[in-house]
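The values are calculated or read from the model by the stated rules, or taken from the named source; none is laboratory data. In this text, all values refer to a predicted model and were calculated from it rather than measured experimentally. Glycine gets a Cβ as well: all are built from the backbone with ideal geometry, and neighbour counts include every protein chain shown.
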Amino acid sequence: MEQRTIGNSALKVSPVGLGCMGLSHASGTPTEKSEAVKILRQAFDMGYILFDTAECYTGINADGSISYNEELVGEALKPVRSQVVIATKYGVHHAEDKGLILDSRPEVIRKSVEGSLKRLETDYIDLYYQHRIDPKVAPEEVAGVMADLIQEGKIRYWGISETTEEYLRRAHAVCPVTAIQNRYSMMARWHESLFPAVEELNIGYVAFSPMANGFLSGQYNQNTKFEAGTDYRSFMPQYTEEGFEKGRELLNYLQKLSEEKKATSAQLSLAWMLGKKKWIIPIPGSRKPERLQENLKAAEIILSAEEINEIDGKLNQMQFLVFGGNQAK
Ligand SMILES: NC(=O)c1ccc[n+]([C@@H]2O[C@H](COP(=O)([O-])OP(=O)(O)OC[C@H]3O[C@@H](n4cnc5c(N)ncnc54)[C@H](OP(=O)(O)O)[C@@H]3O)[C@@H](O)[C@H]2O)c1
């Protein structure tokens, strides 16, 4: 399988990475630990190299205990540690109401990195992202801590999630940034404005929620029931009646395209971004091994530049509701 390099780093990864979040967080009651470990090992056997997690990806297990996503990743990948790229994140904690508490003070990052290393059962993190910009801490200060952690061998590279161009440039000037991890899908294209900067600085773009939280797979409809509260799709705008109404044109279009390409809609939605730029790496998530396989195989579907342009042209004419769509564009 083709491999991709993340930015100007030495990290070579599968073109599609694995978002591990849903095993513990935001997708309903967490997957039972031994089952989750099994799924992650299956993913490695399929060819996934990049595994994405975060300090704050936690959930309440059926027995009331806490599922720490990093622990699942750590246990599953320990036997193959040197063959995988583990990315995790700091700087975000979840409030009771599911709002985000942002805290990237140096002393907090220092504590976070030790906790992540422990839960991941490793002595280094390949790619350490600031999960969200903390308006109270300057990018230079955060980048300074990252430079120290790289020097100490605790992390190999660092990145920023949901960054702006200004923040990225200021941080990058202090300690080179290897990747940004921002939302990106056919329904969420507002960060394309960052592409020129990413290209200029030779940074990777890791695309999170690349299938608009599964919506683009076309496997769901207004009657699909998600676990209230714990499965975030239960309150995402694209999954409402109006969301399906507005998204219908895109879903139909994707279905038509995927039939032409003998692929699935999920694969098409990933192949579209993989075909755009060599430095884009989507990290879809799933709890189901057959879907992990399906998503990874998206890399085998090749779209020409003309086909991608044509899709973009169609997308430009559509309007949809999507989670994250009310954020600054
Ligand atoms: N940096 C950030 O702030 C941030 C935010 C959100 C997510 N992320 C990262 O991005 C990763 C992926 O994001 P995401 O989970 O929000 O969105 P996503 O990958 O677009 O969608 C995942 C959802 O789609 C379903 N799905 C996956 N493949 C499918 C397929 N082939 N057919 C039908 N349904 C499919 C999954 O359900 P099943 O499990 O039932 O298959 C899952 O609920 C996360 O795991 C996390 O690592 C980062």
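The single condition among (1) among the hydrophobic types (A, V, I, L, M, F, W, C); (2) over 21 Å from L168 (Cβ atoms); (3) over 18 Å from the mean Cα position of the chain (by Cα) that V84 does not meet is (3). Taken over region 110-134, the criterion of being closer than 23 Å to A173 by Cβ and away from the ligand (no atom under 16 Å from the Cβ) is satisfied by R110, V113.
Here's the yes/no breakdown for (1) surrounded by fewer than 18 Cβ atoms within 10 Å (Cβ to Cβ); (2) modelled with pLDDT under 95:
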| site | (1), (2) |
| --- | --- |
| Y232 | no, yes |
| E242 | yes, no |
| S258 | no, no |
| A263 | no, no |
| L270 | no, no |
| M273 | no, no |
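Summed over region 38-61, the residues that are crowded, with 20+ Cβ neighbours inside 10 Å and in contact with a Leu (Cβ under 6 Å, 6 or more places away or on another chain) give a count of 3. In summary, helices (runs of 4 or more DSSP H) completely within region 177-289 and bearing 1 or more residues that are touching a Lys or Arg at 6+ places or on another chain (Cβ under 9 Å) and within 13 Å of the ligand (Cβ to nearest atom) occur at 265-276.
T53 fulfils the conditions (1) touching a residue at least 24 places away in the same chain (Cβ under 8 Å); (2) of a type in the set (S, T, N, Q); (3) within 20 Å of G229 (Cα to Cα) except for a single criterion, (3).
Scanning region 295-313 for residues that are within 16 Å of the ligand (Cβ to nearest atom) and closer than 18 Å to M186 by Cα yields N295, L296, A298, A299, I301.
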